[in-house]
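The values are calculated or read from the model by the stated rules, or taken from the named source; none is laboratory data. Everything numeric here is computed off the predicted structure, so don't read it as measured data. Please note: Cβ atoms are built from the backbone with ideal geometry, for glycine as well, and neighbour counts cover all protein chains shown. Accessible surface areas use protein heavy atoms only, side chains included; no ligands, DNA or RNA. Shrake-Rupley method; radii C 1.70, N 1.55, O 1.52, S 1.80 Å.
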Amino acid sequence: MKKRIGIFGSTGSVGRQALEVIREQKEFFEVEVLTAHRNATMLISQAMEFKPNVVVIADKSHYNQVFDVLDPMDIKVYAGGEALDQVMEMESMDVVLMAIVGFASLSPTLAALRNKKQLALASKESLVVGGKLIRQLAVENRVPIIPVDSEHNAIFQSLMGEGNNPIEKIVLTASGGPFRGYNRKKLEMVTPADALKHPVWNMGPKVSVDSASLMNKGLEAIEAYWLFGLEIHQIQVVIHPESLIHSLVYFTDGSVKTQMSLPDMKIPVQFALSYPERLSNSLKRLDLIEQGTLHFESPDVENFRNLALAFEALEKGGNLPCILNAANEIAVQAFLKEQIGFLQIPEVVESCMGSVEFIGNPTQDDYFETDKLTRIKAGESIKKFD
Ligand code: NDP
């Protein structure tokens, strides 16, 4: 029996790579659902190739364009954010790959878990904001969450077969991004185009900027906290520019386990889709001799303050990670539109963390309200920089 996959965010970087994996592994997978936000043209061409049962275009204004082409092909077309949640009820979907960027991934992630769908989770923002709810639902409904983020996927793989053996700590590795080693003076001058030129990974625009600002590693620390049930002091970040060691787990007997591979997202994506099996593929292999040397250093939290802000949000908890996330999403958009400079991203985040009301034990509704309020506050704070 082929696994029937729903790819939420199929037009993005992770979504497109998932379709490449499925194209190579046709005997094992078929596509049941594809979704996009606005990129109707790409969604249509993906649907024509992979013939899913259903597609969802989240932005309703593109519905007619998609419907006119796909309805005659017997592909059901839905539109709107609510439809992303509703299609999770489909019994014909075995695995959900969640690859929608940002806060918009939270509601469909929760819907997937409520409907007991095995979840391959790339969208770290959903865990950053609603980690507690996601964890509760996954435990209550006994749904496995297989992390797609390469670092968490490496930790997940290192924990396989370990049962209840205690973890001493984990090390999240970070490439350091395109601005590794830059001081404040140099960071003042960087442009969106510089931030999008990642030295190792080829990713969507938001995660590329997050990577350059080290917010990505901060979000990943929060993601790891919820995925693996760790204490905050057990999470360490180490810069590893080659990005071949994707993270490490230290056990209490002094043993350290890792997962290594060339930096190619198709490896963790395929693992998350095929889990618990491993499938052979033709991806390029790691050659240690060719690689030669590996490097490691501490992160620079003075010049890249986002990492420290994310740890602060994790320490204080409640809705603070939600505030951090929403402020960062707005600040990154503003940076990409050249409305603010790179160093103003953490300023916007910090100002929202200090001004949006703190809620110690938020409900799902509180997260939506916090997200909304923070976006308004972040917008106001950006205007002050004009
Ligand atoms: P992209 O920006 O490339 O793609 C985002 C996808 O989400 C697109 O399909 C987009 O549709 C869709 N989308 C955006 N906004 C909405 C919305 N409001 N409602 C519904 N769908 C929406 O992102 P990436 O693929 O780079 O990243 C996806 C997630 O995976 C992020 O959380 C990121 O942190 C994580 N991740 C990414 C990695 C990578 O290598 N790219 C690595 C590890 C984790 P449309 O194209 O129509 O706009």
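Just report the Cα centroid separation between the range 75-105 and the range 325-386, whole Å. About 27 Å separates the Cα centre of the range 75-105 from the one of the range 325-386. Of the DSSP H helices in the chain, those with a Cα length along their own long axis of 20 Å or more and a mean Kyte-Doolittle hydropathy reaching 0.5 comprise 320-336.
Packing, as the average of other Cβ atoms within 10 Å across residues, places the peptides 62-72, 13-23 in the order 13-23, 62-72, highest first. With the simple spin-label model, which puts each label point 7 Å out from Cα in the Cβ direction, the Ser282 to Thr41 separation comes to 2.9 nm. Accessible area per residue for the range 201-243, computed on protein heavy atoms with a 1.4 Å probe, is 28 Å².
Using 1/(1 + (r/R0)^6) with R0 = 45 angstrom and r between the beta carbons of Asp253 and Glu302, what's the FRET efficiency to the nearest 0.05? Please list the in-between numbers first.
Details: r = 35 Å, r/R0 = 0.78.
Efficiency at R0 = 45 Å is approximately 0.80.
Gain on full extension, evaluated as 0.36 nm per residue between Asp74 and Lys337 minus their Cα-Cα distance, stands at 90.7 nm.
You can think of it this way: the chain between Gln291 and Arg23 has 93.5 nm of extra reach, that is 0.36 nm per residue less the Cα-Cα gap.
Quick one: plug the Kirkwood hydrodynamic radius of the range 29-116 (C-alpha pairs) into Stokes-Einstein at 25 °C, 0.890 mPa s, and report D in µm²/s.
Numbers: Rh = 13.0 Å.
After rounding, the answer is 189 µm²/s.
In the range 36-186, one over the average inverse separation of all distinct C-alpha pairs is 17.7 Å, which is the Kirkwood hydrodynamic radius.
Carbon-plus-sulfur fraction of the accessible area of the range 236-382, 1.4 Å probe, in percent?
Numbers: 3490 of 6900 Å².
After summing per-atom areas, the C and S share lands at 51 percent.
For the chain, the direction-averaged projected area of the alpha-carbon convex hull comes to 19.1 nm².
Which percent of the accessible heavy-atom area of the range 1-74 goes to carbon and sulfur, probe 1.4 angstrom? Write out the running numbers ahead of the final one.
On the way: 1770 of 3530 Å².
Its accessible area is 50 percent carbon and sulfur atoms.
Highest mean first, what order results for 327-337, 259-269 on Cβ atoms within 10 Å? Can you show the working numbers first?
On the way: 327-337: 23.0, 259-269: 19.8.
Ranking, from highest mean packing down: 327-337, 259-269.
Placing unit charges on the Cβ atoms only, positive for Lys and Arg and negative for Asp and Glu, gives the chain a dipole magnitude near 340 debye about its Cα centre. Picking from Leu137, Met189, Ala104, whose Cα lies most toward the positive end of the charge dipole for the chain (charges on Cβ: Lys, Arg +1; Asp, Glu -1)? The Cα lying farthest towards the positive end belongs to Met189. Placing dummy labels 7 Å off each Cα toward the beta-carbon, the span from Asn164 to Glu140 is 2.5 nm.
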